[in-house]
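To keep things clear, I will list the structure first and then write my remarks on it.
The values are calculated or read from the model by the stated rules, or taken from the named source; none is laboratory data. Keep in mind it's a predicted model, so treat the numbers as computed, not measured. Cβ coordinates were reconstructed from backbone atoms using ideal geometry, including for glycine residues, and neighbour counts include every protein chain displayed. For accessibility, only protein heavy atoms count, side chains too; no ligands or nucleic acids. Shrake-Rupley method; radii C 1.70, N 1.55, O 1.52, S 1.80 Å.
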Amino acid sequence: METKEFTIVYLKNLKIDDLFSLNKSTIEYADPVKENIGEMPKATLARLVSDNHAMELQMNKALKNLLTPQLVEMNADREDRFAEIKRNVTTVLKGRDLPKKNAAENLKVFLDPYWNTNKKAMNTQTGVLREMFGKYNLNDEMKAYAVTIGIAQMMTELDMANDMFNQLYQNRLTQDAAIEGPSATSLRAAATKSYEQFCTAVEQAVNFMPTATLTTLFNQLDELRKTYARLIHTKKEEPKPDPTPAE
């Protein structure tokens, strides 16, 4: 029997809001099926819920920053721009102009991994879009397809909007650096440990007492881990110490 193992995620390299978002998404997948995943995963899930909520309360202090309303507005604008791009691609796919339809089909394949980016936390969206535009800006063929269906300018403007959002977000982080303090560091450690323990419990359960529910949950959680592992991989501004991987 094949042993299932989660994708490695270096949790120490995640920013606190990305860790919170990963934990929150994990809880949203697991909570509806908690009665059907076994006692150990259920117990560790309860601890994860508690520890992530405690971390959220500490993070909410930073959210009171005066820059937050501006960030929320910029994020809404960014999401609207991406939604417009997706609408244009979808509309052309339904059309009868074969060259444009071919261009749209190729763009849809390229955009598919990023299609639901708007459902992620604001800063996570930034990282995902930066990954997308890193690939797009190096791909002359994709840029030509964008010209063909008339979304090249929209793509450029979304890229710029994402960079502007990131600059303001980093400014807010600088202002809030003192707020996180030792207390938030301690809460982060607890939330990280709870997440690791829950994933270990799920991994053990799906290997030794597999059920359809556990297998589905494992696959959902592993896709999440792959997303956040890619985010870390794209952030290479400075060398990182060798971290301990999540179990």
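Odds and ends about this structure:
- Exclusive hit being within 21 Å of the chain's Cα centre (by Cα) and touching a residue at least 24 places away in the same chain (Cβ under 8 Å), set Asn106, Asn123, Asn88: Asn123
- Verdict on Glu203 being open to solvent by 40 Å² or more (accessible area, probe 1.4 Å), assigned to a helix (DSSP H, G or I) and modelled with pLDDT of 90 or more: no
- Criterion violated by Glu131 - all others in (1) in contact (Cβ under 8 Å) with a residue 60 or more places away in the chain; (2) surrounded by 15 or more Cβ atoms within 10 Å (Cβ to Cβ); (3) within 20 Å of Arg87 (Cβ to Cβ) satisfied: (3)
- Residue check, Arg96 open to solvent by 50 Å² or more (accessible area, probe 1.4 Å) and in contact (Cβ under 8 Å) with a residue 60 or more places away in the chain: no
- Ala43 open to solvent by 40 Å² or more (accessible area, probe 1.4 Å), in the same structural domain as Leu217 (by the TED database) and either of a type outside the set (D, E, K, R) or at pLDDT 95 or above (or both): yes
- Residue count for region 144-162 under the criterion of being open to solvent by less than 70 Å² (accessible area, probe 1.4 Å) and either within 25 Å of Leu98 (Cα to Cα) or free of Cβ contacts under 8 Å to residues at least 12 places away in the same chain (or both): the result is 11.
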